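Taken together, the values in this text are just the output of simple stated rules run on the coordinates, not laboratory data. Since the model is a prediction, treat every value here as computed from it, not as a measurement. Reconstructed Cβ throughout: ideal geometry from the backbone, glycine too, with neighbour counts over all protein chains shown.
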Amino acid sequence: MLAVVAGVLAAYVPLLLIIAPALWAYAGVRTKPYWILIPAAAFAYGAFTFETATVAIALTAGALIVALLLSTLLTHGFSNSDTVLILCGVFLLMLYGAICLPELLNGNEAYAAIQSQVGDIRALYRASESQLSQLNPEGVTLILETLDTMYEGVPVAFVSVLIIFSSVLGLGNLLFFRAFCKKQDQIKLSPMRPFRDWTLPRSMTLGLFAMLIGSIIVEFTGWAFAESFSMTANILLGIPLFVQGICVLDFFIERMQKNRTVVRTLTYIGLVVLYQYMLFPLVLVGCFEQIFRIRERMRGVPPRAAV
């Protein structure tokens with residue numbers, strides 16, 4: 001019943017897809033796999049009611065595939081890292097189909113709808129610029145400059161934003177599904193490392209390095225989409241290394257002998273507040289860990305205070 005309700009609500013609020021497929025998958029694992037089709041059908045009914053056929057098909061197919069993959073892969077020994085990568089790929093295709101495909105079918109650019117919406121907001125502010133300037137001219141100027149930057153940056157940042165959203169959706173569904181199944185002893189899932197011990201698979205190192213080299217080469221080719229490709233590559237490189245950097249940080253916090261909870265709380269609050277300043281250092285930490293495997297070298301060494 002909860003899975004069906006989640007399907008109906010997700011049709012009204014697509015952001016709920018961060019949890020709805022995980023709940024459908026949980027219902028399928030607790031009962032029979034074909035029960036996943038019932039909440040998916042409820043979601044499809046709502047999607048076809050409120051969205052165009054192309055958008056509804058993309059959203060329904062993506063959510064259903066994610067639910068089926070979750071209920072199958074993790075219960076058959078598939079690794080969590082590989083599973084979340086597959087889920088992110090499915091969500092990326094789903095978002096591309098829901099946002100870009102309608103525009104492409106109409107003969108427009110893939111990002112035309114988003115750029116048009118930003119353009120409408122920009123035009124609205126420009127139309128009322130004279131009235132607003134009397135209240136706060138500096139603030140209005142800043143808003144208009146920001147909107148101009150957003151409008152011009154849509155073609156470059158568009159795919160990168162889709163990747164970020166799909167990553168959040170994929171990881172969210174994996175974690176929610178595991179949380180739902182946690183207290184069900186009859187459901188056997190692939191073991192999951194503690195967050196502080198998570199690491200990128202060694203097999204990904206060569207791919208990340210090749211992506212970095214390809215991004216640098218493209219920058220010098222003068223290709224029209226070089227900037228967009230480079231930003232996308234940087235996002236694909238940065239997200240896993242950033243997460244790994246946070247894992248390394250948490251690893252050292254766990255090795256502290258006192259006040260770990262306080263230190264961990266203050267650290268994560270600081271990361272949220274100082275995100276723009278901590279992003280690059282943590283990516284470097286994650287990269288360093290990927291090469292030298294610092295945690296593996298230190299696991300056999302007890303914390304200094306415990307020696």
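Between ILE164 and THR54, the modelled label-to-label distance comes to 2.5 nm, taking each label 7 Å out from Cα in the direction of the beta carbon.
Coupling constants for the range 271-287 follow from the phi torsions by the Karplus curve (6.51 cos²θ - 1.76 cosθ + 1.60, θ = phi - 60°), and in residue order they are 5, 5, 5, 9, 3, 5, 8, 8, 4, 5, x, 6, 4, 5, 4, x, 5 Hz; glycine and proline get x. The local environment of LEU101, defined by Cβ-Cβ distances under 15 Å, has a net charge of -3 under the rule Lys, Arg +1 and Asp, Glu -1. Modelled spin labels at ARG126 and VAL5, positioned 7 Å past Cα toward Cβ, are 4.8 nm from each other.
In which sequence would PHE292, PHE43, PHE158 go, from the one with the fewest C-beta neighbours within 10 Å to the one with the most? Before the final figure, lay out each step's value.
Details: PHE292 10, PHE43 31, PHE158 21.
Ordered from fewest to most neighbouring Cβ atoms within 10 Å, PHE292, PHE43, PHE158 come out as PHE292, PHE158, PHE43.
Projecting label points 7 angstrom from Cα along Cα→Cβ for GLU219 and ARG297 puts them 2.8 nm apart.
Given R₀ = 30 Å, FRET efficiency for LYS182-PHE288 by Cβ-Cβ distance, to 0.05? Efficiency at R0 = 30 Å is approximately 0.35.
Converting the Cα gyration tensor eigenvalues of the chain into ellipsoid dimensions via √(5λ) gives semi-axes, longest first, of 35, 30, 20 Å. May I ask which residue of ILE216, LEU266, ILE246 lies farthest towards the positive end of the charge dipole of the range 194-307, with charges of +1 (Lys, Arg) and -1 (Asp, Glu) on Cβ and the Cα centre as origin? Selected residue: LEU266.
How high is the relative contact order of the chain, in percent, with contacts defined as C-alpha pairs under 8 Å that are six or more residues apart? Spell out each step's value before the answer.
On the way: 325 pairs, mean separation 50.6, N = 307.
Relative contact order here is 16 percent.
In vacuo Debye scattering of the range 194-307, one point per C-alpha: log10 I(q)/I(0) at q = 0.20 Å⁻¹? The computed values of log10 I(q)/I(0) come out as -1.10.
Extension gain TYR275-MET256, at 0.36 nm per residue separation less the Cα-Cα distance, in nm? List each step's numbers first, then the result.
Details: separation 19, 0.36 × 19 = 6.84 nm, distance 2.36 nm.
4.5 nm is the gain from fully extending TYR275 to MET256.
With just the Cα atoms defining each centre, how far is the range 250-290 from the range 176-197? Give it in Å. Here the answer is 24 Å between Cα centres.
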